[in-house]
Amino acid sequence: MLSKPELAAARSPIQFIDLAAQQQRIKPRLDAAIARVLAHGGYIMGKEVVELEQQLSAFCGAKHSITCSNGTDALSLALMAYNVQPGDAVFCPSFTFAATAEVIALRGATPVFLDSDAQSFNLDPQSLKSAIAVANKAGLNPRGVIAVDLFGLPADYDAIHAITQAEGFFLIADSAQGFGGEYHGTRTGTLADITTTSFFPAKPLGCYGDGGAVFTNSDALAEIMGSLRVHGKGTDKYDNVRIGLNARLDTLQAAILIEKLAIFADEIAARNHVAARYSAALHDKIQTPRVAEGYRSVWAQYTLTAPDHATRQRLQATLKEAGVPTMVYYPTPLHRQTAYAAFPTATGGALPVCEDLAGRVFSLPMHPYLEDTTIDYITETLRAAL
């Protein structure tokens, strides 16, 4: 009988995210799309950019889709559209990627960090209520909230809206991981005043470089962000009416995204199949992700919660020995990172839920091209380790 290392060596390598399989599926269409751009030569703001924006709006239901250079710039465009400035407070979760808070600090404003819900991993609305009091006590001017659709699952927008509307705050949805997810029948893109996303290659809908987009139903916000992404241009490119960014999506990436968007709904369904198979096999052994009724995740990551930090380390080591890659998102919450440690939190100190999650969560391979036999191998290996 083969040992676990020998079994792993006999298998094809398991990819954590398999972009090659996706590319093989649509390679002729990708090649043709790239060739069309090379033929017409409109490398910046070419016709494919406009076509992609129209298709993104049709997909998510937003009146305006404005592509841009990456997901971080998408967040910057949103904050710039609201004229966020020094003295303002913007609330965001601590258990997320740095870009969410980075853009707030780069505007000279103050990120105020929120704790997480232990089941969804998204921001806890009760933490937001506490954070508003903290910001007011610190003499800050509370302006808005950036909610994050972490790991592909939309945040609790009804609960968040109830607070932001009562306070007169703007609400930005950072859906870098969640674009295509659904909240009570509505796709991400119209669940906040402005929604942003990333087309980084590893995202559920990704290009072959950097890319992003902002979505809104507001004509006024769309006009401002459309100007800001091209240096703040007015009706003439040499009459800049505001100080902006160079944040355009290049045409080659738009052409690639058009072909990927055409299969995106199929891939979301496949991701949900993978997640369902994982959960069915593991739910009685370890804490599996919870998707509440009325939600649909796009499963940017499939994230388990180990009983404790030591168990996580042991499970990851066992899976690695068996040829199964894993990842930890995010081992250090933002309020514990060097660059952000001085900013306020909802409690004035520790954020216990997200700190606990950071020490216990780990993610399994997730992409639309995982075969059932591979999923079964992963889950059987993990069940045995548990």
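Would you be so kind as to identify which of A35, V353, I172 lies farthest towards the positive end of the dipole of the chain, taking Lys and Arg as +1 and Asp and Glu as -1 on Cβ and the Cα centre as origin? About the Cα centre, the residue reaching furthest to the positive side is A35. Largest mean-square fluctuation among D174, D31, D124, in a Gaussian network model of the chain whose springs join Cα atoms under 10 Å apart, belongs to D31. For the pair the stretch 85-107 / the stretch 126-196, the C-alpha centres are spaced 13 Å from each other. For K27, a cut-off of 26 angstrom between C-alpha atoms picks up these lysines, skipping any fewer than 8 places away in its own chain: K47, K203, K260. The loop-placed chymotrypsin sites (Phe, Trp or Tyr not before Pro) in the stretch 19-90, going by DSSP, that have at most 16 neighbouring Cβ atoms within 10 Å of their Cβ come out as Y43.
Under a model in which nothing but the beta-carbon of Lys, Arg (+1) and Asp, Glu (-1) is charged, the stretch 265-385 shows a dipole of about 320 debye around its Cα centre.
What does the charge dipole of the chain about its Cα centre add up to, to the nearest 20 debye, if the Cβ of each Lys and Arg holds +1 and the Cβ of each Asp and Glu holds -1?
Numbers: 31 positive and 38 negative charges, 93 e Å.
It comes to approximately 440 debye.
Taking other C-beta atoms within 10 Å as the exposure proxy, M366, M225, M45 rank M45, M366, M225 from fewest upward.
Would you mind telling me the antiparallel percentage of the DSSP bridges in the stretch 83-154, rounded to 5? Let's see the in-between values first.
Details: 1 of 10 bridges.
That works out to approximately 10 percent antiparallel.
Which shape class applies to the stretch 265-385: rounded if a/c is under 1.5, otherwise prolate when a/b exceeds b/c and oblate if not, where a ≥ b ≥ c are the square roots of the Cα gyration tensor eigenvalues? Could you put the intermediate results ahead of the total?
Details: a/c = 2.20, a/b = 1.53, b/c = 1.44.
Note, shape of the stretch 265-385 comes out prolate.
Looking at the P(r) of the chain, how many percent of alpha-carbon pairs lie beyond 33 Å? More than 33 Å apart: 33 percent of the Cα pairs in the chain. Per residue of the chain, the DSSP helices (runs of n ≥ 4 H) give a summed -39500 (n - 2.57) that works out to -13000 deg cm²/dmol at 222 nm.
I'd like the GluC sites (Glu not before Pro) in the stretch 245-312 restricted to DSSP loop residues with at most 15 other Cβ atoms within 10 Å, sorted by number. Kindly include the intermediate steps, with their values, before the conclusion.
On the way: sites: E259, E267, E293; in loops: E293.
Passing both the DSSP loop test and the Cβ count: E293.
When the chain is described by a simple charge dipole with +1 on each Lys and Arg Cβ and -1 on each Asp and Glu Cβ, the residue from A213, F95, I378 located farthest towards its positive end is I378. Taking 16 Å as the straight-line reach from the Cα of K63, the aspartates and glutamates in range (excluding those fewer than 8 positions away in the same chain) are E51, E53, D193, D219, E223.
Where a number appears in this text, it was derived from the coordinates with a stated rule and is not lab data. Only a predicted model underlies this, so the values are computations on that prediction, with no experimental measurement involved. When we count neighbours, we look across all protein chains shown, and the Cβ atoms used for this are built from the backbone with ideal geometry, even at glycine.
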